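Undergrad: Below is a structure I'd like to ask you about.
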Amino acid sequence: MMLSGATMEGLEPVSYQQELGLRDILIKTTVRYAGDAGYDAELFCSMADPSLPAFRLTPHGSTAQEWRLDIPPHRRP
């Protein structure tokens, strides 16, 4: 999962880390860019109802940011 925004357009991350917690089924992503820009994101999808994900975004940096989140749609048979 990568988020995008105008303040990070064209920048390459200086660090990217993603981990999946099998105990709590939580995907944690940490992305940092040069300077103080970046974010921490957590995504939880319930096995009982995968159409209702929970998402938390913690932005880093002192500049106001607008975010775009692209998650592929879940296709049901």
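Computed from the coordinates by the stated procedures, all read-outs in this text should not be read as laboratory data. Nothing here was measured: the structure is a model prediction, and the numbers come from that model. Cβ sites come from the backbone with ideal geometry, for glycine too, and all protein chains shown count toward neighbours.
Undergrad: Using Cβ counts within 10 Å as a stand-in for footprinting exposure, how do Glu9, Glu19 rank, fewest first?
TA: Glu9, Glu19
Undergrad: To the nearest 20 debye, what charge dipole does the stretch 13-62 have about its Cα centre, counting +1 at the Cβ of each Lys and Arg and -1 at the Cβ of each Asp and Glu?
TA: Here the size comes out at about 60 debye.
Undergrad: Related question: For the stretch 13-62, what is the relative contact order in percent, using Cα pairs closer than 8 Å and at least 6 residues apart in sequence?
TA: 29
Undergrad: Going by how many other beta carbons lie within 10 Å of each one, how would you line up Thr29, Thr58, fewest first?
TA: Starting with the residue having the fewest Cβ neighbours, the order is Thr58, Thr29.
Undergrad: Among Tyr16, Tyr33, Tyr39, which comes first, second and so on when ranked by fewest other beta-carbon atoms within 10 Å?
TA: Taking fewest neighbouring Cβ atoms as first place, the list is Tyr16, Tyr33, Tyr39.
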